[in-house]
Amino acid sequence: MAEPVIALQDLSYRYRGTKKPALQNIQLEVGRGEFLVVMGPSEAGKSTLAACINGLIPHFHKGKFSGDVIVNGRNTRQHTVSQMAEQVGLVFQDFEAQLFSTSVELEVAFGPENFGVPRPEIARRIQENLAYVGLEQFRKRPPSTLSGGQKQKLAIASVLAMKPQVLVMDEPTTDLDPISKLGIFQITDNLRQREDITLMVVEHETEEVLHADRIAFLKEGELIRLGPARQVLQDIELMESIGLMPLGIPSFFLKAWKNKQRSGGSAGAGGTAPALPFTPEEAKTSFELSGWSLSDQKYAELVKQETQALKNSGQPLIRCQELSHTYPSGVKALSGIDLEIYPGEIVAIVGQNGSGKTTLAKHLNGLLMPTQGEVLVEGKPTREQGVFKLGQKVGYVFQNPDHQIFSETVFEEVAFSPRLRHLDEKEVKRRVEEALSAVGLAGYEGQDPFSLTKSGRQRVAVAAVLAARPDVLILDEPTTGLDYGEQRSMMEMVRRLNEQGSTIIFVTHHMWVVAEYAQRVFVVKDGRLYLEGTPRQVFAQEQLLKEAYLRPPHFIQFSNLLAKTMLRPQEMLDCLSGGID
Amino acid sequence: MDAEIYLDYNTFIHRLDPRTKLLVFLIIFIAVLQFENPLWLLPCVALVFLQLVIAKAWPNLRRIRFVLLVLTISSLVIWNFFANGATPLFWFIEVESLQYSVSRTLLMLTIITMGMIMVSTTRNEELVMGMIRLGLPYRVGFAISTSLRLVPTIAANTLIISQAQRSRGLNLESGNFIERIRKFIPLLIPVFISTIRSTNIFGMALESRGFGAREDRTTYLEIKMGKADYAVLLFGLLLVVISIYLNIAGYGNLTGLRRF
């Protein structure tokens with residue numbers, strides 16, 4: 001390895017007021033020009049690690065710090081965060097809070113200004129870095145008018161303008177739609193080609209990290225695995241056990257090869273284990289080399305079963321007729337939306353950041369009223385029912401639980417809604433118990449909701465809405481900000497609620513969640529309903545999806561290359577036939 | 001939704017140097033302070049109104065119309081407690097104290113409008129630069145402009161939070177006064193917490209971008225005083241001198257008014 005640019009020597013850290021250390025004895029060196037990805041479940045210490053690199057720890061956060069962090073020869077103990085800023089650029093997950101200027105170019109200028117860079121040089125750096133991330137045409141625009149993906153690109157440009165040796169990104173794509181995500185990773189890919197920049201990215205998403213040189217897994221503050229990307233990503237059992245999402249393609253091949261070995265075949269042609277494929281194209285080649293084929297008959301059965309299970313007939317529960325919404329500012333957020341949602345369904349609304357999907361969802365419980373057209377819930381216009389009455393029928397869980405939690409105990413929080421509806425205390429208690437056990441928080445009644453983790457607070461928010469016993473539950477990005485394990489258990493809970501009779505509508509960026517949990521999908525693009533159908537029908541149309549800034553997971557892309565749309569590795573395993581022995 | 005106060009137009013007022021705008025703000029403030037009689041305030045009020053029209057800052061004033069209404073009504077009442085007059089009107093209000101209330105209310109509205117014109121026509125960064133050039137330390141100027149920037153962010157957060165609580169069944173429009181106040185708790189706590197959280201990230205982002213790394217900070221923006229600036233300042237200076245002169249000469253007061 002080349003000389004290390006980042007050296008973490010026996011780094012341990014504990015936040016003030018907590019008992020458990022956030023990081024324990026981390027020993028890690030990152031070479032110049034390297035691209036390292038740090039992965040791990042929530043609370044594993046990933047963000048803490050990122051904050052150590054530029055000195056936010058120990059200077060900004062107070063706590064118990066031991067060991068050393070040396071970046072480019074500078075020990076963070078001896079340099080303030082501002083001084084380190086020239087060496088280390090840090091991009092945060094929250095793209096709203098990290099931008100503070102009134103125009104794109106001034107945002108980029110802010111860093112160099114602080115370091116006394118002369119004006120002509122600042123102008124040059126603005127030009128260079130905006131071009132680098134593809135935002136030149138937005139130079140004069142206020143950052144607040146940019147989309148989420150563009151804001152994150154701007155954050156990257158404004159950090160690069162300080163010419164750092166190291167760029168650290170803390171979950172830069174968590175809140176972004178799939179194509180914007182891809183855009184950010186294209187930038188990291190370009191940066192990787194540059195010798196002068198060392199990249200360290202904290203990520204949850206597995207598909208995007210394939211291009212990393214090395215991957216590190218953190219768990220409970222400890223570095224438990226470090227190695228070349230493809231090697232580490234093969235360890236599917238380890239990933240599942242620590243709550244990381246394993247990749248569909250390698251999982252499929254590992255299982256398929258194992259099955260074949262069991263039935264007497266060798267792992268591949270020639271007897272030696274071939275290289276495990278990761279990308280859809282690689283997978284297609286491997287699939288063809290294996291001589292496998294997919295049974296048309298079994299696939300047809302799969303599709304038939306799925307279509308029969310659909311509940312979209314009879315009397316719709318919610319119906320949008322020619323729904324349009326124009327905000328008072330004159331921005332047209334929705335235009336001419338016609339859709340129907342039936343009792344007992346579980347449907348997903350997807351689309352780019354700012355496509356109007358949240359605006360659409362807010363119409364379904366009367367938070368927003370159509371400026372044209374009509375929304376009918378149980379046959380009656382929302383306009384006549386109002387949000388107070390509709391709230392009992394249609395519950396809405398907002399994206400950020402911190403936008404609604406205010407009580408001192410979990411019990412009080414969940415009891416808020418039933419109490420507002422003047423139920424007697426016995427009934428309130430019964431409902432709170434029922435709601436808390438539905439979200440898996442029974443026994444937490446006396447806890448302070450603010451002391452829970454993000455996923456815990458998310459569950460409190462869901463319980464608080466469930467306590468009103470709505471027939472329909474709308475969830476706005478229920479899985480954002482959670483790790484894979486938490487996402488799964490959140491969605492399993494949602495599915496259970498659906499099986500108990502709730503109609504579920506969720507808005508999401510996570511395509512795998514759509515593939516696994518939705519029965520039908522609505523794709524919104526520029527305020528219009530762009531596509532609708534079962535996940536299988538929708539994900540089959542990759543080209544159209546791309547125009548809506550969406551992209552199915554790698555595994556589905558791979559199956560599309562084989563002219564069948566498979567949502568899960570297991571489906572493909574069931575349809576598999578043939579193979580060279 | 002719309003989190004910007006700055007209105008991106010290219011009006012005469014927009015083109016003025018931020019220093020000019022800050023000084024004009026000060027000048028109008030001093031000028032309107034000179035008079036107790038609302039009639040004598042009218043020229044200044046008209047001037048501010050003219051600026052508002054030129055700057056096309058109407059929409060921003062409209063956004064705070066409810067706040068303005070509440071402030072106007074309470075100010076019209078409250079100033080009566082601080083002044084007495086010779087001619088009783090009704091209850092505790094006299095003709096003179098009412099006139100005085102009107103002029104104090106006009107003063108308040110003028111200042112708010114001037115402030116709104118300034119932030120609607122001046123970018124945050126320009127404002128900071130203007131303040132620094134007028135002698136304020138960089139950190140102080142930055143702090144002032146940052147608190148201005150927080151206002152729309154908090155407003156946007158409050159909107160989402162009130163939607164969240166309303167969909168849980170909170171009805172802010174019903175109940176008596178005490179009940180209504182209590183109903184704000186579910187709004188205030190999340191607003192407070194989310195604001196603290198985002199200012200915390202803001203602080204980290206600021207430091208991570210090298211805020212205050214060196215004393216010799218450069219600026220990419222350039223501000224320059226032009227002919228128009230000097231003309232406006234000269235006019236302002238005349239205005240303030242005349243106002244002070246008139247006050248000393250005894251014009252613009254309310255006879256029979258006693259202030260406490």
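What FRET efficiency do you get for residue B:255 and residue A:450 if R0 is 51 Å and r is their Cβ-Cβ distance, rounded to the nearest 0.05?
Values: r = 60 Å, r/R0 = 1.18.
Step by step, r from the Cβ atoms, then E = 0.25.
Throw me the Rg/Rh for segment A:72-229, computed over C-alpha atoms with Kirkwood Rh, two decimals.
On the way: Rg = 15.8 Å, Rh = 16.3 Å.
The Rg/Rh ratio comes out at 0.96.
Can you compute the radius of gyration and Dmax for the protein assembly as shown, using only the Cα atoms, both in Å?
Calculated on Cα positions, Rg and Dmax stand at 30.7, 112 Å.
Can you list, bin by bin at 5 Å, the percent of alpha carbon pairs in segment A:319-469, starting at 0?
That works out to 2, 9, 16, 18, 17, 14, 12, 8, 3, 0, in percent per bin.
Quick one: Cα convex hull volume of segment B:62-128, Å³ per residue? Write out the running numbers ahead of the final one.
On the way: hull volume 6.0 nm³, N = 67.
Expressed per residue, the convex hull around the Cα atoms of segment B:62-128 is 90 Å³.
Counting residues in segment A:20-147 as N, plug N into 2.2 N^0.38 Å and put the Cα Rg over that result.
Details: Rg = 16.9 Å, N = 128, 2.2 N^0.38 = 13.9 Å.
Computed over Cα atoms of segment A:20-147, the ratio equals 1.22.
Could you tell me the distance between the Cα centroids of segment A:91-108 and segment A:273-310, to the nearest Å?
Taking the Cα centre of segment A:273-310 as reference, the centre of segment A:91-108 is 44 Å away.
In terms of modelled amide H atoms, which long-range or inter-chain residues lie less than 5 Å from the amide H of residue A:333?
Sorted by chain and number, the residues that satisfy this are A:325, A:326, A:327.
Below 8 Å between Cα atoms, with a sequence gap of 6+, how large is the relative contact order for chain A in percent? Present the calculation step by step, with values, prior to reporting the outcome.
Values: 1138 pairs, mean separation 82.9, N = 581.
14 percent.
Under a no-solvent Debye model with one identical scatterer per Cα of segment A:141-256, what's log10 I(q)/I(0) at q = 0.10, 0.17, 0.21, 0.22 Å⁻¹?
Normalising to I(0) and taking log10 leaves -0.35, -0.93, -1.25, -1.32.
Specify the inter-centroid distance of segment A:1-74 and segment B:110-149, based on alpha-carbon positions, in whole Å.
Between the Cα centres of segment A:1-74 and segment B:110-149 lies a distance of 38 Å.
What's the buried accessible area, both sides, between B and A using a 1.4 Å probe, rounded to 100 Å²?
Values: alone 16720 and 24680 Å², together 36180 Å².
Separately minus together, B and A give about 5200 Å² buried.
Please list the radius of gyration and Dmax for segment A:235-336, considering alpha-carbon atoms only, with Å as the unit.
In order Rg, Dmax, the Cα atoms of segment A:235-336 give 22.9, 68 Å.
Students often forget the sequence filter, so: which aspartates and glutamates lie under 17 Å Cα-Cα from residue A:429 once same-chain residues fewer than 8 apart are removed?
Qualifying aspartates and glutamates at Cα under 17 Å: A:408, A:412, A:413, A:445.
Across segment A:62-72, in residue order, what do the Karplus-derived ³J(HN,Hα) couplings come to in whole Hz, using 6.51 cos²θ - 1.76 cosθ + 1.60 with θ = phi - 60° and x for Gly and Pro?
9, x, 9, 10, 9, x, 9, 10, 10, 10, 6
Residues of segment B:98-124 with amide nitrogen under 18 Å from the 7 Å Cα-to-Cβ point of residue B:77?
Counting backbone N atoms under 18 Å from the label point, the list is B:98-106.
Evaluate the relative contact order of segment A:386-453 (contact order divided by residue number), counting alpha-carbon pairs under 8 angstrom at least 6 apart; express in whole percent. Could you put the intermediate results ahead of the total?
Working: 38 pairs, mean separation 26.4, N = 68.
Computed value for segment A:386-453: 39 percent relative contact order.
Name the residue from A:179, A:369, A:285 whose Cα lies farthest towards the positive end of the charge dipole of chain A, charges +1 on Cβ of Lys and Arg and -1 on Cβ of Asp and Glu.
It is A:369, whose Cα lies furthest towards the positive end.
Can you tell me the length gained on complete extension of the stretch residue A:66 to residue A:321, counting 0.36 nm per residue apart and subtracting the Cα distance? List each step's numbers first, then the result.
Details: separation 255, 0.36 × 255 = 91.80 nm, distance 6.18 nm.
Residue separation times 0.36 nm, minus the Cα-Cα distance, leaves 85.6 nm.
Any of A:393/A:426; A:153/A:525; A:393/A:525 with alpha carbons more than 23 Å apart? Name them for me.
Numbers: A:393/A:426 21 Å; A:153/A:525 21 Å; A:393/A:525 28 Å.
Among A:393/A:426; A:153/A:525; A:393/A:525, the Cα-Cα distance tops 23 Å for A:393/A:525.
How would segment B:106-260 be classified by its alpha-carbon gyration tensor: rounded, prolate or oblate, with rounded meaning a/c under 1.5 and the a/b versus b/c comparison settling the rest?
oblate
If you take the beta carbon distance between residue B:159 and residue A:369 as r and set R0 to 22 Å, what does 1/(1 + (r/R0)^6) give as a FRET efficiency, to the nearest 0.05? Working shown, then result.
Details: r = 15 Å, r/R0 = 0.69.
After rounding to 0.05, the efficiency reads 0.90.
Suppose the Debye formula is applied to equal point scatterers at every Cα of segment A:115-192; what is log10 I(q)/I(0) at q = 0.14, 0.16, 0.25, 0.27 Å⁻¹?
Debye curve over Cα of segment A:115-192, log10 I(q)/I(0) at q = 0.14, 0.16, 0.25, 0.27 Å⁻¹: -0.46, -0.60, -1.32, -1.45.
Divide by every residue of the protein assembly as shown the summed helix terms, -39500 (n - 2.57) for each DSSP H run of at least 4, and state the resulting mean residue ellipticity at 222 nm, rounded to the nearest 500 deg cm²/dmol. Walk me through the intermediate numbers first.
Details: 34 runs with 406 residues, N = 841.
Helix-only estimate at 222 nm: -15000 deg cm²/dmol.
Once you've got the Cα coordinates, tell me which of A:151/A:564; A:219/A:284; A:151/A:454; A:219/A:362; B:21/B:56; B:56/B:183 are over 27 Å apart. All intermediate terms of the calculation are to be shown ahead of the outcome.
Numbers: A:151/A:564 36 Å; A:219/A:284 34 Å; A:151/A:454 24 Å; A:219/A:362 38 Å; B:21/B:56 15 Å; B:56/B:183 37 Å.
Distance filter (> 27 Å) returns A:151/A:564; A:219/A:284; A:219/A:362; B:56/B:183.
At a threshold of 8 angstrom on Cα-Cα distance, excluding pairs fewer than six apart, so keeping six or more, what relative contact order does chain B reach in percent?
Reported relative contact order: 35 percent.
Quick check for you: which residues of segment A:430-447 have the amide N under 17 Å from the point 7 Å beyond the Cα of residue A:495 toward its beta carbon?
Inside the label zone: A:439-440.
Could you give me the radius of gyration and the Dmax of segment B:1-100, taking only the C-alpha atoms into account and expressing both in angstrom?
17.3, 51
Against the empirical 2.2 N^0.38 Å scaling, what ratio does the C-alpha Rg of chain B come to? Write out the running numbers ahead of the final one.
Working: Rg = 21.9 Å, N = 260, 2.2 N^0.38 = 18.2 Å.
In units of the 2.2 N^0.38 Å rule of thumb, it is 1.21.
Rounded to the nearest 20 Debye, what is the dipole magnitude of chain A about its Cα centre when Lys and Arg each give +1 and Asp and Glu each give -1 at the C-beta? Could you put the intermediate results ahead of the total?
On the way: 63 positive and 71 negative charges, 96 e Å.
I would put it at about 460 debye.
Hey, if you drop one equal point scatterer on each alpha-carbon of segment A:415-507 and run the Debye formula without solvent, what base-10 log of I(q)/I(0) do you get at q = 0.15 Å⁻¹?
Rounded to two decimals, the profile gives -0.56.
Using a 1.4 angstrom probe on heavy atoms only, work out the carbon and sulfur share of the accessible area of segment B:46-204 in %.
That fraction is 74 percent.
Take segment B:182-260, compute every pairwise Cα distance, and split them into 10 Å bins from 0; I just need the percent in each bin.
12, 15, 14, 17, 30, 11, 0
Average partner chain C-beta neighbours within 10 Å, per residue of A:98-109? Let's see the in-between values first.
Values: counts 8, 2, 13, 4, 12, 6, 0, 2, 7, 2, 1, 5.
Mean inter-chain Cβ contacts per residue within 10 Å come to 5.
If Rh is defined by the Kirkwood formula over all Cα pairs and Rg also comes from Cα, what ratio Rg/Rh do you get for segment B:1-52?
Values: Rg = 13.9 Å, Rh = 12.9 Å.
Computed over Cα atoms, the ratio is 1.08.
Along the charge dipole of segment A:103-155, which of A:109, A:133, A:145 sits closest to the positive end, that is, farthest toward it, with unit charges on the beta carbon of Lys, Arg, Asp and Glu (+1, +1, -1, -1)?
The residue sitting most towards the positive pole is A:145.
At 7 Å along Cα-to-Cβ for each site, give me the label-to-label distance between residue A:131 and residue A:297 in nm.
Result: 6.2 nm between the two label points.
I need the fraction of alpha carbon pairs in segment B:216-256 separated by more than 13 Å, rounded to a whole percent.
Values: 567 of 820 pairs.
Counting pairs separated by more than 13 Å, the tail of P(r) holds 69 percent.
Using the crude model of +1 on Lys and Arg Cβ and -1 on Asp and Glu Cβ, and no other charge, please compute the dipole size for chain B relative to its Cα centre, in debye to 20.
On the way: 25 positive and 16 negative charges, 94 e Å.
Dipole about the Cα centre, nearest 20: 460 debye.
Would you kindly calculate the mean projected area, averaged across all directions, of the convex hull enclosing the Cα atoms of segment A:537-581, in square nanometres? Before the final figure, lay out each step's value.
On the way: hull surface 14.1 nm².
Over every viewing direction, the Cα hull of segment A:537-581 projects on average to 3.5 nm².
The values are calculated or read from the model by the stated rules, or taken from the named source; none is laboratory data. Everything numeric here is computed off the predicted structure, so don't read it as measured data. Here Cβ is always computed from backbone atoms with ideal geometry, including for glycine, and neighbour counts include all displayed protein chains. Accessible surface areas use protein heavy atoms only, side chains included; no ligands, DNA or RNA. Shrake-Rupley method; radii C 1.70, N 1.55, O 1.52, S 1.80 Å.
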